[in-house]
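The values are calculated or read from the model by the stated rules, or taken from the named source; none is laboratory data. If you're wondering where the values come from, they're calculated on a predicted model, not measured in any experiment. In this analysis, Cβ positions are derived from the backbone assuming ideal geometry, glycine residues included, and neighbour counts consider all displayed protein chains. For accessibility, only protein heavy atoms count, side chains too; no ligands or nucleic acids. Shrake-Rupley method; radii C 1.70, N 1.55, O 1.52, S 1.80 Å.
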Amino acid sequence: MNCTEARLLLHAHIDGELDAANSLEVGRHLKTCTACAAENASLQSLRTALRGADLNYQAPASLRTDVRQFMRDLEPEATRPAVQLQWLWKWLALGLAATALAVVSLRPTGISERDTQLNEVVASHVRSLQAEHLMDVASSDRHTVKPWFDGKLDFAPDVQDFAAQNFPLIGGRLDYLDGHAVAGLVYRRNKHLINVFVWPTTGPMKHETEARRGFSIIRFTAKGMHYCLVSDLNPTELGELAGLLEK
Amino acid sequence: MYSAGNKIAGRAVWRKRKRIVSATEPEQFERVVLPHLDAAYNLARWLAGNDHDAEDIAQEACVRAFRFIGGHRGGDARAWLLAIVRNTAFSWLKKNRPRAVVSIDDGEIAELEDPTVAAGVFNGADRNVLRAALEALPLEFREAIVLRELEGLSYKEIAEIAEVPVGTVMSRLARARRQLQNHFARKGDGQ
Ligand SMILES: [Zn+2]
């Protein structure tokens, strides 16, 4: 091993990242080369200095308090007294809109679970239309969008581009529906944006088309996944995309 | 960015929903994120360079971590959270301080060229001097040093967080350390 090789491997060596054979070689080189041995000593002393100087910053109490408060506000309503609106607003300003408060309007009690879900879908859609919420990954290339979900979800959504059918894929994002992570695929038809939420099925869902607050919603189960499409597009055209996804 | 005193008209319509999250998620968040809040802040602080921006970044990262918590499937929670902090910080920097995010050329290893010389040995340097030396490093080098020396992460973990190959992590560390050695050689501190 020459000095040039040794100099780079020295770092992996002191970091304990070198395999046994190379480590042995580096060790041997250090025994015979005073310049590299001196470099090794310098690096070791640098490390000791860095680690001994307590350079880590501690989270300020305010951050800890805010995160705790964030946790409290996520608890079910019945278990805590009142929402601290001001605090919530602060988090909203930071973009919490994406998770904590899906439905803006007051929801009368006694509403069915199905209604809740549909409202949530519409709310997710509306939220996504606000600046910077639409896409985590912007690409018309399904080979870019699909791998982006790797490691972020415990399932792999089927990602297809339907540009040829006039429904170009424009991106994807991670979203939350009904308490679990879902893949959000974003398509476009002319000026209309379409959100397609995909998550693994937990049972069959009957194919249905709905209108809610001026949005069209289509839901169905295909290939072991639930699909939920939402858009301000008319139900007929949205149905075309549903047909493509269902295939 | 925002102030705690923000008021909006009709904000009373913001009502807590009965069930926004699954029962396990707050628990998971508490278990996964909270123990690593210091690490999250530390990285944010080193990348941002000041307390105020670091806190904004760390807060935003926590919100994102909550959003992605369902995607955390075991593995090292700290590395997972730090990856989110890193992404949040870089997005923030690109938006707010575009000039701070100048990508370094990872192909360049000129500083390592002369293997006949060796830097001196440190006899321990003052904490503030070391902090200043780290702050003077380019962003990606500083990140590598902080993750390796202050957080003790492996090359593989750093590679995943910084989204670069393991070999790049090694060369960044080598170059960062060389710059630190030069910094002190020039200053004559700790030699
Ligand atoms: Zn040598």
Got a sec? Which residues in segment A:208-247 would a label at A:Gln117 touch, if it sits 7 Å along Cα→Cβ and we count backbone N under 18 Å? A:208-213, A:216-231, A:242, A:246
In Å², nearest 100, what accessible area do chains B and A bury in total when the solvent probe is 1.4 Å? 7400
Would you please put A:142-149, A:209-216, A:180-187 in order of how densely packed they are, using the mean number of other Cβ atoms within 10 angstrom per residue and starting with the highest? A:180-187, A:142-149, A:209-216
In nm, the gap between the two label points placed 7 Å beyond Cα toward Cβ at A:Arg68 and A:Thr144 is 4.4
In nm, the gap between the two label points placed 7 Å beyond Cα toward Cβ at B:Glu163 and A:Leu24 is 4.0
Peptide A:5-12 - average C-beta neighbours from other chains (10 Å radius): 5
Where labels lie 7 Å past Cα in the beta-carbon direction, separation of A:Ala37 and B:His52 in nm: 5.3
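Would you mind checking A:Lys152/A:Lys206; A:Lys146/A:Lys223; A:Lys152/A:Lys223 for any pair whose Cα atoms are more than 23 angstrom apart? Present the calculation step by step, with values, prior to reporting the outcome.
Numbers: A:Lys152/A:Lys206 28 Å; A:Lys146/A:Lys223 16 Å; A:Lys152/A:Lys223 20 Å.
In this structure, A:Lys152/A:Lys206 exceed 23 Å between Cα atoms.
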Plugging the Cβ-Cβ distance of A:Gln44 and B:Asp38 into 1/(1 + (r/R0)^6) at R0 = 41 Å yields, to the nearest 0.05, a FRET efficiency of 0.95
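Below 10 angstrom from the Cβ of B:Glu143, what's the summed charge of the other residues (Lys, Arg +1; Asp, Glu -1)? If you can, show how the numbers build up before the last one.
Details: positive: B:Arg86, B:Arg142, B:Arg148, B:Arg172; negative: B:Glu140.
It works out to a net charge of +3.
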Positive end of the charge dipole of segment A:3-52 (Lys, Arg +1 and Asp, Glu -1 on Cβ, about the Cα centre): tell me which of A:Val26, A:Leu50, A:Cys3 has its Cα farthest that way. A:Leu50
Residues whose placed amide H lies under 5 Å from that of A:Val182, excluding near-sequence neighbours: A:Asp175, A:Tyr176, A:Leu177
Rounded to the nearest 0.05, what FRET efficiency do A:Glu5 and A:Asp158 have when you use their Cβ-Cβ distance and R0 = 60 Å? 0.80
The extension gain from B:Val121 to B:Ala100, computed as 0.36 nm times the residue separation minus the Cα-Cα distance, is 4.5 nm
